[in-house]
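These notes are about the structure you will find just below.
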Amino acid sequence: MPAKKKKAPKKSATSAKKGIFRSALTYKLLAVFVVLFGAWLIYLDAQVRYKFEGNRWQLPAQVYARALELYEGQALNLDNLEKELNLLAYEKTNAVAKAGTYSRNGQRIRIFRRGHQTVEGEFPAVDFTIHVAGDVVKSMRAAQGQTAAIYNLEPYKFAGLYPASKEERQLLRYDELPEGLVAALIATEDRDFFEHHGVSPKGIARAAIANLKAGRTVQGGSTLTQQLVKNFYLTRERSLSRKVNEALMALMLDARYTKEDILEAYANDIYLGQSGNTAIHGFAMASLFYFGKALVYCDIDELALLVGMVKGPSYYDPRRNPDRALARRNLVLKLMHEEGWIDEDVWRNASARALQTSKKPTFQANRYPAFLDLVKRQLSAEYPEEALRSEGLKIYTTLDPQIQMNLEASIDTQMASLPGASEAQNPSPLQVGAVVTAVGTGEVLGLMGDKRGRFSGFNRALDARRAIGSLIKPAVYLSALRHPNKYNLLSPLSDQGFGLEMSNGETWEPKNFDGKSHGSLPLMDAFAKSLNIATARLGLEVGLDEVRDTLRELGVEGDLNPYPSLLLGAQAMSPFEVAKFYQTIASNGFNMPLRAIREVSDARYQVISRYPFQVQQVIEPEATFLLQAAMRETMRKGTGRSAYRRLPKALVTAGKTGTTNDNRDSWFAGFSGDYLGVIWVGKDDNSSTQLTGASGALKLWTGFMAAIPQYPLAMPRPSAVDLLWVDKQTGRRTDEACAGARPIPIWGSTNVPYQTCESGFESFSGWLKSWF
Amino acid sequence: MVLGIRFIVGIFQQTILWLLLSLVVACASGPTAKIVASQEGQVGAPSATYQETSQTVPKAAQTLLMGAQQALDQGDSRGAERYIEKAQRLAPSAGEVYALWGAVYATEGQLDLAQSMYQRALALFPGNSSQASAIRERLNALR
């Protein structure tokens with residue numbers, strides 16, 4: 001015992017020493033732990049603040065087509081309108097009762113437009129009927145209240161410019177969240193949200209009891225704040241450390257920010273579905289994706305469905321699993337009722353409704369890739385790529401879906417009838433580049449960079465630079481017609497073959513397509529028949545420099561061929577470049593830059609950039625009038641006349657065919673009063689197509705133009721241009737009664753010498769002819 | 001004898017022309033182009049006569065132009081421009097749109113732009129019309 005006693009102090013001294021050592025170590029470890037934990041907390045806090053206060057999300061740019069405006073007197077084909085409504089995911093029904101539906105009865109169409117917002121303001125849902133006759137809107141009538149002068153549909157979102165994360169999202173502020181959505185979220189996901197501090201012991205206990213009772217996990221204990229932290233800051237890893245971090249960060253988030261801030265972030269961040277390879281995030285985007293309308297216009301049952309999907313967007317996808325989605329929605333509505341957010345009537349009525357989901361999403365990731373390519377190029381000068389893919393810009397373009405759809409359909413149908421179009425039989429099948437613009441504004445309405453409209457690759461409309469052949473001839477004739485003292489439409493041109501010795505010793509000998517010479521003929525006829533020899537002679541007479549100047553004034557940029565072969569179209573251009581210069585011709589000699597964008601706004605619809613209409617007179621309207629008259633003659637009697645096998649004769653058009661050596665390229669450019677279309681058909685390997693401009697591109701153009709109601713070409717005659725009777729043989733003014741007299745627009749009539757008829761009999765017979 | 005026949009024929013011709021002219025004027029007060037429906041039946045080459053007037057200005061565009069004029073009268077040229085841009089979407093070939101646009105630019109002192117718009121308007125009205133004369137006066141006043 002003594003020994004024990006003796007030993008005891010020794011032992012106790014050692015153990016005291018050890019105890020001191022241990023407690024010191026414990027304190028040290030504790031201190032280290034406190035320091036490390038503190039550092040960790042500081043790190044987590046920095047994380048929380050950095051992400052929450054910085055740019056929380058990369059927002060893709062949304063790219064919209066023009067909003068269709070409906071008004072009395074408008075040219076409108078109801079079949080085309082139905083196609084556009086279908087694109088916007090409007091549902092055809094027999095009884096129109098809700099926004100996003102329409103019905104058609106013959107030439108009447110009733111549309112319940114969805115409420116929406118654009119850069120031009122907010123447009124509430126409205127139910128109206130339009131009556132169309134002969135492809136013209138005759139009347140419009142609202143179902144309730146006063147009828148507006150214009151009804152616009154929501155613009156179709158045809159593309160997005162996505163960040164690397166491929167997330168589709170639109171942001172809403174807390175005060176923009178519908179009360180019903182907040183109620184549904186609180187009732188379903190976190191009943192104590194406004195009471196707890198980020199973590200809810202009550203919620204955890206409630207979930208634990210529910211799970212114990214069920215014998216499996218039926219309820220989660222995570223608060224909305226924890227869910228936000230998990231999605232926003234952490235990985236999907238299931239571990240204790242992640243759970244601890246989640247709880248700590250939730251507490252910090254709750255301490256630093258208001259409940260409204262947290263709910264706003266949650267509502268914008270939550271994952272709610274998948275569109276192809278793009279993830280749908282946030283309730284605002286999900287509402288557009290599933291219902292085709294903005295969240296603010298959703299009814300309580302629709303809000304309940306969106307909230308119900310939080311638990312499993314794929315499992316409860318209303319398009320793929322409607323029964324599950326319906327049951328889940330009704331559970332959310334029941335919880336809302338139990339928690340006192342909605343009364344019994346609302347609960348029962350909402351639960352009785354069918355799912356309101358649109359059959360398909362109202363937007364696609366990239367529906368018109370060629371047009372999007374043009375938009376991106378026009379934006380790239382002003383916006384860095386990063387800004388386009390992260391700041392949620394809204395880009396309002398000029399794309400007209402009705403034009404684009406008809407262009408695609410025409411190319412699809414007509415190409416099938418052309419030899420060499422089949423991919424199976426041709427190693428290098430026919431390809432297409434096409435541009436359609438509005439004659440009056442220079443807006444680009446449709447674009448095809450490939451024969452397949454959805455193809456996203458080499459954009460032939462913008463990048464396939466090919467010899468334009470006879471499409472250049474308007475510039476040659478315009479150069480001549482700008483000299484009214486020397487040329488008019490009946491000036492005789494020689495079509496006799498000739499050779500021109502070049503500086504390299506070679507001889508340039510232009511040939512006509514038919515290999516023949518046609519003697520002397522009026523300028524207008526030489527143009528309409530697209531005669532190469534007469535054109536080359538005229539161009540050389542006017543001067544190559546002058547033709548080049550005219551091309552520049554018409555809007556042609558880049559290098560120009562310095563040789564006489566330029567006069568016959570040995571000049572490479574893309575369809576878009578051709579459209580630029582034909583636009584000037586179609587708009588009476590006014591240059592108007594081709595625009596694909598009207599406005600760009602930020603995510604909150606505040607305009608950042610505008611692309612206003614610009615116009616400048618570059619060619620005398622008198623000379624352009626004469627050229628248009630010659631181009632009209634091409635369509636009436638010349639190389640473009642086959643278009644009128646399908647086009648109604650009331651549709652006056654002007655145009656020009658183009659064919660290059662060995663039939664490598666088939667071109668057509670033509671316009672009515674409303675639309676200019678330029679089409680190229682050729683092969684990527686530049687081999688022969690066996691097509692002329694008339695047998696290839698013109699067919700595609702005609703098919704497209706025949707499907708669109710429009711105004712014919714009007715030609716307001718400038719005051720300096722007179723309609724005179726001119727002898728078609730001599731090009732001299734004469735009398736109406738004279739044989740061979742033809743009414744021709746003449747600029748500067750004093751420049752045209754007068755000749756009388758040769759005999760009284762001729763005069764009399766001519767007079768009789770003129771009457772009959 | 002020949003002179004006598006020519007005289008009678010001349011009078012006959014003038015009378016018929018006068019009657020025809022009266023008929024045209026009576027039938028076509030405010031001649032405007034008509035929209036061609038996509039399914040309009042008759043095909044064949046269009047007529048050789050020139051359609052001089054461009055499209056009818058739809059009522060909605062007229063209302064917008066009135067709004068633009070009112071905004072301009074109240075000194076709100078930016079507001080006027082917004083109205084005109086909308087009107088242009090509805091009636092892009094109507095000279096009235098560009099005439100008013102020219103007036104807005106002239107009010108703002110942007111004379112080059114005003115001139116371009118007036119020139120555009122002038123090109124869209126037939127040269128011998130009263131509207132064209134009015135635009136020419138405005139253009140001269142700018143110079």
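The values are calculated or read from the model by the stated rules, or taken from the named source; none is laboratory data. Remember, predicted model here, so these are calculated numbers, not experimental data. Neighbour counts run over all protein chains shown; Cβ positions are idealised from the backbone, glycine included.
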Open item on the list: I need the full set of residues from the range A:377-394 which are within 15 Å of A:ALA164 (Cβ to Cβ) and in contact with a helix residue (DSSP H, G or I) (Cβ under 8 Å, 6 or more places away or on another chain), in order please.
Closed with: A:LEU388
TODO: Could you list all residues from the range A:123-155 that are more than 21 Å from A:LEU87 (Cα to Cα), without any contact (Cβ under 8 Å) to a residue 24 or more places away in the chain and assigned to a strand (DSSP E or B)?
DONE: A:ARG141, A:ALA142
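Filter the range A:43-90 down to the residues that are over 30 Å from A:ALA409 (Cβ atoms) and among the aromatic types (Phe, Trp, Tyr) and list them by number. Spell out how you get there, then give the answer.
As a first pass, look at the range A:43-90 and keep what is over 30 Å from A:ALA409 (Cβ atoms): A:43-59.
Across the range A:43-90, the qualifying residues are A:TYR43, A:TYR50, A:PHE52, A:TRP57.
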- [ ] Quick one: in the range A:717-756, of everything that is farther than 29 Å from B:ALA132 by Cα, without any contact (Cβ under 8 Å) to a residue 40 or more places away in the chain and outside any loop (DSSP other than H, G, I, E, B), which residue is nearest to the other protein chains (Cβ to nearest Cβ)?
- [x] A:ALA741
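Would you confirm, using the coordinates I've provided, whether A:LEU700 is touching a strand residue (DSSP E or B) at 6+ places or on another chain (Cβ under 7 Å), at pLDDT 90 or above and assigned to a loop (DSSP other than H, G, I, E, B)?
Working: touching a strand residue (DSSP E or B) at 6+ places or on another chain (Cβ under 7 Å): yes; at pLDDT 90 or above: yes; assigned to a loop (DSSP other than H, G, I, E, B): no.
In short, no.
For every residue, the table says whether it meets (1) within 14 Å of chain B (Cβ to nearest Cβ); (2) crowded, with 19+ Cβ neighbours inside 10 Å; (3) among the charged types (D, E, K, R); (4) within 20 Å of the chain's Cα centre (by Cα).
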{"position": "A:VAL35", "(1), (2), (3), (4)": "no, no, no, no"}
{"position": "A:GLY38", "(1), (2), (3), (4)": "no, no, no, no"}
{"position": "A:ALA61", "(1), (2), (3), (4)": "no, yes, no, yes"}
{"position": "A:LEU88", "(1), (2), (3), (4)": "no, yes, no, yes"}
{"position": "A:ILE109", "(1), (2), (3), (4)": "no, yes, no, no"}
Task: Residue pairs meeting the criteria (Cβ under 8 Å; at least 6 apart or on separate chains; first in contact (Cβ under 8 Å) with a residue 24 or more places away in the chain, in the range B:57-77; second charged (D, E, K, R) and in a loop (DSSP other than H, G, I, E, B)) - done: B:PRO58/A:GLU72; B:ALA60/A:GLU72
Open item on the list: I'd like to check something: does the range A:616-624 contain any residue that is outside any loop (DSSP other than H, G, I, E, B) and aliphatic (A, V, I, L, M)?
Closed with: yes
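What do you reckon, is B:ALA48 within 27 Å of A:ALA630 (Cβ to Cβ) and either in a helix (DSSP H, G or I) or in contact (Cβ under 8 Å) with a residue 24 or more places away in the chain (or both)?
Values: within 27 Å of A:ALA630 (Cβ to Cβ): yes; either in a helix (DSSP H, G or I) or in contact (Cβ under 8 Å) with a residue 24 or more places away in the chain (or both): no.
No, not satisfied.
For the range A:55-71, state whether one or more residues are of a type outside the set (Ser, Thr, Tyr) and in a helix (DSSP H, G or I). Let's see the steps before the verdict.
Residues of the range A:55-71 that are of a type outside the set (Ser, Thr, Tyr), as a first pass: A:55-63, A:65-70.
From what is left, the residues that are in a helix (DSSP H, G or I) are none.
For the range A:55-71, residues of a type outside the set (Ser, Thr, Tyr) and in a helix (DSSP H, G or I): absent.
Please go through the range B:79-91 and pick out each residue that is assigned to a helix (DSSP H, G or I) and within 11 Å of chain A (Cβ to nearest Cβ).
Keep residues of the range B:79-91 that are assigned to a helix (DSSP H, G or I), which gives B:79-90.
Passing the criteria: B:GLU81, B:ARG82, B:ILE84, B:GLU85, B:LYS86, B:ALA87, B:GLN88, B:ARG89, B:LEU90.
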Open item on the list: Looking only at the range B:52-76, how many residues end up being more than 8 Å from chain A (Cβ to nearest Cβ) and surrounded by fewer than 19 Cβ atoms within 10 Å (Cβ to Cβ)?
Closed with: 9
TODO: Taking the options A:GLU541, A:GLU509, A:GLU546, A:GLU553, name whichever one is out of contact with any Pro (no Cβ under 6 Å at 6 or more places or on another chain), in contact (Cβ under 8 Å) with a residue 12 or more places away in the chain, under 22 Å from A:GLN729 (Cα atoms) and among the acidic types (Asp, Glu).
DONE: A:GLU541
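Working carefully through the options A:SER358, A:SER390, A:SER380, find the one that is of a type in the set (S, T, N, Q) and free of Cβ contacts under 8 Å to residues at least 12 places away in the same chain.
On the way: A:SER358 fails: free of Cβ contacts under 8 Å to residues at least 12 places away in the same chain; A:SER390 fails: free of Cβ contacts under 8 Å to residues at least 12 places away in the same chain.
A:SER380 is the lone residue from the list that is of a type in the set (S, T, N, Q) and free of Cβ contacts under 8 Å to residues at least 12 places away in the same chain.
Kindly state which helices (runs of 4 or more DSSP H) lie completely within the range A:338-445 and contain at least 2 residues that are closer than 29 Å to A:GLY677 by Cβ, in contact with a Gly (Cβ under 9 Å, 6 or more places away or on another chain) and in the same structural domain as A:GLN690 (by TED's automatic domain parsing).
Counting at least 2 such residues, we get no helices (runs of 4 or more DSSP H) at all.
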Open item on the list: Quick check on the range A:514-529. Is at least one of its residues over 19 Å from A:ALA629 (Cα atoms) and either in contact (Cβ under 8 Å) with a residue 24 or more places away in the chain or surrounded by 24 or more Cβ atoms within 10 Å (Cβ to Cβ) (or both)?
Closed with: yes
Open item on the list: I need the full set of residues from the range A:172-186 which are surrounded by fewer than 19 Cβ atoms within 10 Å (Cβ to Cβ) and part of a loop (DSSP other than H, G, I, E, B), in order please.
Closed with: A:ARG173
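From A:ALA184, A:ALA208, grab the single residue that is touching a residue at least 24 places away in the same chain (Cβ under 8 Å) and either aliphatic (A, V, I, L, M) or within 14 Å of chain B (Cβ to nearest Cβ) (or both).
Working: A:ALA208 fails: touching a residue at least 24 places away in the same chain (Cβ under 8 Å).
After applying the criteria, what remains is A:ALA184.
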TODO: Quick one: A:ILE608 ticks every box in (1) at pLDDT below 95; (2) under 24 Å from A:ARG595 (Cβ atoms); (3) not in a strand (DSSP E or B) except a single one, so which number is it?
DONE: (3)
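Being without any contact (Cβ under 8 Å) to a residue 40 or more places away in the chain and touching a strand residue (DSSP E or B) at 6+ places or on another chain (Cβ under 6 Å), is that true of even one residue in the range A:284-296?
If we filter the range A:284-296 for residues that are without any contact (Cβ under 8 Å) to a residue 40 or more places away in the chain, which is where we start, we get A:286-287.
Within this subset, residues satisfying the condition of being touching a strand residue (DSSP E or B) at 6+ places or on another chain (Cβ under 6 Å) are A:286.
Checked the range A:284-296: at least one residue is without any contact (Cβ under 8 Å) to a residue 40 or more places away in the chain and touching a strand residue (DSSP E or B) at 6+ places or on another chain (Cβ under 6 Å).
Which of the residues belonging to the range A:451-463 are crowded, with 21+ Cβ neighbours inside 10 Å and modelled with pLDDT of 95 or more?
Restricting attention to the range A:451-463, the residues satisfying the condition of being crowded, with 21+ Cβ neighbours inside 10 Å are A:451, A:453, A:459-461.
A:ASN459, A:ARG460, A:ALA461 - these are the residues of the range A:451-463 that are crowded, with 21+ Cβ neighbours inside 10 Å and modelled with pLDDT of 95 or more.
Go through the range A:187-274 and tell me which helices (runs of 4 or more DSSP H), entirely inside it, have 1 or more residues that are modelled with pLDDT under 85, at negative phi and not assigned by TED's automatic domain parsing to the domain that holds A:TYR316. Before you say what the answer is, go through the steps one by one.
Details: elements: A:201-214, A:224-232, A:240-256, A:259-269.
Ranges flagged: none.
Being of a type in the set (A, V, I, L, M), within 25 Å of A:PRO522 (Cα to Cα) and surrounded by fewer than 22 Cβ atoms within 10 Å (Cβ to Cβ) is the filter here; which residues of the range A:631-654 pass it?
Pass one, the range A:631-654, residues of a type in the set (A, V, I, L, M): A:631, A:635, A:643, A:647, A:650-652, A:654.
Pick out the ones that are also within 25 Å of A:PRO522 (Cα to Cα) and you get A:631, A:635, A:643, A:652, A:654.
Hits for the range A:631-654: nothing passes.
If you take the residues in the range A:111-132 that are within 13 Å of chain B (Cβ to nearest Cβ) and at pLDDT below 95, which one is surrounded by the fewest Cβ atoms within 10 Å (Cβ to Cβ)?
If we take residues in the range A:111-132 being within 13 Å of chain B (Cβ to nearest Cβ) and at pLDDT below 95, then A:GLY121 is surrounded by the fewest Cβ atoms within 10 Å (Cβ to Cβ).
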- [ ] State whether one or more residues within the range A:649-657 are in contact with an Asp or Glu (Cβ under 8 Å, 6 or more places away or on another chain), assigned by TED's automatic domain parsing to the domain that holds A:SER479 and touching a residue at least 24 places away in the same chain (Cβ under 8 Å).
- [x] yes
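Would you call A:ALA706 in contact with a Leu (Cβ under 6 Å, 6 or more places away or on another chain) and either among the polar types (S, T, N, Q) or surrounded by fewer than 21 Cβ atoms within 10 Å (Cβ to Cβ) (or both)? Quick ask: steps written out before the conclusion?
Numbers: in contact with a Leu (Cβ under 6 Å, 6 or more places away or on another chain): yes; either among the polar types (S, T, N, Q) or surrounded by fewer than 21 Cβ atoms within 10 Å (Cβ to Cβ) (or both): yes.
In short, yes.
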